[in-house]
Amino acid sequence: MRSNRFPRLLLLTSLLAALAACAPGSLGGAQGGTGGAAVVRVPQDTGSLQRAVDRVRPGGLVLVSPGVYRESVTVAKPRVVLRGTARSTVVVDGEFERSNGITVTGAGAVVENLTVRNHLANGVLFTGVTDERFQGVGAGGSAYDPLDTVRFPPLKGFRASYVTAHNNALYGIYAFDARAGVIEHSYASGHADSGVYVGQCRPCDTVVRHNTVEHNAVGLEVTNASERLYLLGNRASRNRVGLTLNSNDLEALGPQHDAVIVGNTLTDNNDDRSPEQADGGFGIGIGAGGGRGNLIERNLVTGNRSAGVLLSDVQGYPARDNTVRGNRVDGNGTDLVLATGAPAGNCFTDNGGSRASPTRLLTLAGCGRATRAEEAPVIAEPGSGRLPLGHAHPVQAPPGISFQEAPTPPAQPNRPGGTTEPPRPTTNLPGRVDPGAYPLPGRG
C-alpha cells in the first residue's frame, strides 16, 4: 500500500524552493508590534503572496482576495495566518511547473480558506526540515538520514482549515516532521500519493478531523506517526485506498503506533478514475502495515472490493496489539483480514462483518483473549501450527490516470465567520480532543 520512494525524492528535490526572506517591510495597513504590518492585503497592498508573507509581522494576518496566484510561497515566520477571502476563488496555481504551493516552516502558522492546485509535489506542506543544505535531499530518501531528528527538530504548531487541495502530484496537505497540529474541514482530490498525509512525528499531538478526501491513490495516510494522533470524523470515499497506517525505515521514528481512528467513513474506495500509486493498492478501506497499538473504532467501512480492514506485517514490522472494535464493516470483498501468522495481541470484536480471513479470525483473535502481544499465545487452527494468514479478496487494480487528469472538485464551503476577523490563537494546539464525541457514522 505504501508508494515507492519517488515521492520523497521528488518532494525535497524541490522542498522549500527558497526560505522566505525575513526582512521587515511597512505598509499602509494596521501596524502593531515590531517587524512588519499586522495585516497585509493581497493584491491591495502587494500583488505577491510571498512579498505579503515577508512583510507581515509574526502573528499577523495575510488576507488574500480572489485571484489566481501563480507562485510558490514559504511561510517562515511564526504564527502567521495566510487566509483567503473566498475558498474556491483564491487559488495558488502551480501550473504543473512549480513543486510546492505553500510551505510552512514557521511555528504556529495557519493556512485557511483557499485552494492549492496543479503542483509537481505538494499542495500545502508543514515541516521542520528547513536547512537549505538539505533542500535537494528527499525527506526519508536515500540521502536523508531518517534517524537524525535532533538535526531536524519538528515544526511545533500548525493548522490547515477549509483548504481545498487538488491535482497535485504527491500530497494535498502534508505534515512531515511536524507536531502539535490540526488539519480540519479540508478537501483533497486527484493526488498520486495521498490527499492528507501525516508522517514522522512522536508524539504527534495532532488531530485530522472533518476532512473529505476522494479520487486519490490513498485518501488518508499515516507513516511513522505515533502517540496522540487522532483521525476523527473524516470521509474517505472513491479513492483507490481509503486510509493507511504504515511503518517503515525510510522515515524516522518507526514503528507507527498508538493512533486513534474513530468515527470515519471509508466507503467505495475502488475508483478507477484516480491516480495510480506505485504499489498498486486498490479496493481497501483501512490498511495497517506494521502498525502497533492502534485503536480503530466506530468507523463505517463498506463497499471496498478487496478488504474492509486489513492488518498485516510489513518491512520487518509486525502488526501487533491493534484493536478493531465497534465498527460497521460489511459489504466489502473481505470484511476483516489479519495477514499475520499469529494474533499478536490484535483483536476484533463487534464489527458486524460476516466475511473474515482467516475464517475463524473472530474466534481466534477476539478482544479480551489476550491484552498484549507478549502475553498472547499462538492460537492455531486445528491441525496446524499457526493461525493461517488471512487474505484480502483478490482484485485486479485497474490502470490509474495522471494526476493532471483527475476531475476538478466542486466548490467547497467557506470557513465560518468574517474573513477579516483577527487570527485565532495557535498556541496549545490541537486543544482538547474527545474521540468519544464521534459516533459511528450512518450510511447516508
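Computed from the coordinates by the stated procedures, all read-outs in this text should not be read as laboratory data. As the structure is a prediction and not an experimental result, all values here were calculated from the model. Backbone-built Cβ (ideal geometry, glycine too); neighbour counts: all protein chains shown.
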Which order, highest average first, do 428-434, 70-76 follow once you tally other Cβ atoms within 10 Å for each residue and take the mean per peptide?
70-76, 428-434
State the extension gain, in nm to one decimal, for the chain segment bounded by ARG151 and ASP272, taking 0.36 nm per residue of separation less the distance between their alpha-carbons.
39.4 nm
Could you tell me how far the Cα centroid of the range 238-298 sits from the Cα centroid of the range 170-213, in Å?
13
From the square roots a ≥ b ≥ c of the eigenvalues of the alpha-carbon gyration tensor of the range 223-326, which class results: rounded (a/c under 1.5), prolate (a/b over b/c), or oblate?
oblate
Per residue of the range 65-72, in order, report the coupling 6.51 cos²θ - 1.76 cosθ + 1.60 (Karplus, θ = phi - 60°) as ³J(HN,Hα) in whole Hz, putting x for Gly and Pro.
7, x, x, 9, 9, 9, 6, 9
Applying 1/(1 + (r/R0)^6) with R0 = 45 Å to the Cβ-Cβ distance of SER48 and HIS391, what FRET efficiency is obtained, to the nearest 0.05?
0.25
Taking 0.36 nm per residue of separation and subtracting the Cα-Cα distance, what length does fully extending GLN404 through CYS367 add?
8.9 nm
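If we count other beta carbons within 10 Å of each Cβ, what is the order of PHE152, PHE282, fewest first? Intermediate values should be presented prior to the final figure.
Details: PHE152 21, PHE282 25.
Ascending number of Cβ neighbours within 10 Å: PHE152, PHE282.
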